Amino acid sequence: MLHGLLDINILLYLGLLGVFALAGLGIARHSRFFRELIDAKRADPGYESHLEGLRGVLAFGVFIHHAAYTWESLNHGGWYERAPASHILVLVGGESVSMFFFLTGY
């Protein structure tokens, strides 16, 4: 049942991801509440913005890992019953989580 829906939903999913990303960017830029939080964080002398960018890349790696497992789950059965064929997609999640928490602790 889901297999036919997944063929067309990938474009819908990517489109919605773009819409939500733009909405989040707009809220972050124009909301006084979030603007004050961001400005206060940047004013902190101990804030290291380059680490925030790396944490964002690592969080995206976890997202890709979960998306690959969700795809396999919807197409071939239950969660973790069949791993994605790519070893990179399998490993990127665990490695990204480890590095993310390492940087967060720093």
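The values are calculated or read from the model by the stated rules, or taken from the named source; none is laboratory data. Computed from a prediction, not measured in an experiment: that's the story for all the values here. Here Cβ is always computed from backbone atoms with ideal geometry, including for glycine, and neighbour counts include all displayed protein chains. Calculation scope for accessible area: heavy atoms of the full protein, side chains included, ligands and nucleic acids excluded. Shrake-Rupley method; radii C 1.70, N 1.55, O 1.52, S 1.80 Å.
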Tally the residues that are in a helix (DSSP H, G or I), closer than 29 Å to residue 95 by Cα and open to solvent by less than 70 Å² (accessible area, probe 1.4 Å), restricting the search to the range 29-59. 7
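Would you confirm whether any residue within the range 29-43 is of a type in the set (Phe, Trp, Tyr), at pLDDT 80 or above and under 26 Å from residue 11 (Cα atoms)? Give the steps one after another, and end with the answer.
Here is the first cut: in the range 29-43, the ones of a type in the set (Phe, Trp, Tyr) are 33-34.
Then keep just the ones that are at pLDDT 80 or above; that gives 33-34.
So of that shortlist, the ones also under 26 Å from residue 11 (Cα atoms) come out as none.
No, the range 29-43 has no match at all.
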Can you list residue pairs whose Cβ atoms sit under 8 Å apart, with the first residue in the range 84-102 being part of a loop (DSSP other than H, G, I, E, B) and the second being open to solvent by 70 Å² or more (accessible area, probe 1.4 Å)? Count only pairs 6 or more apart in sequence or on different chains. 84/71
Given the condition open to solvent by 50 Å² or more (accessible area, probe 1.4 Å), hydroxyl-bearing (Ser, Thr, Tyr), at pLDDT 85 or above and within 20 Å of the chain's Cα centre (by Cα), answer yes or no: does some residue in the range 74-93 qualify? no
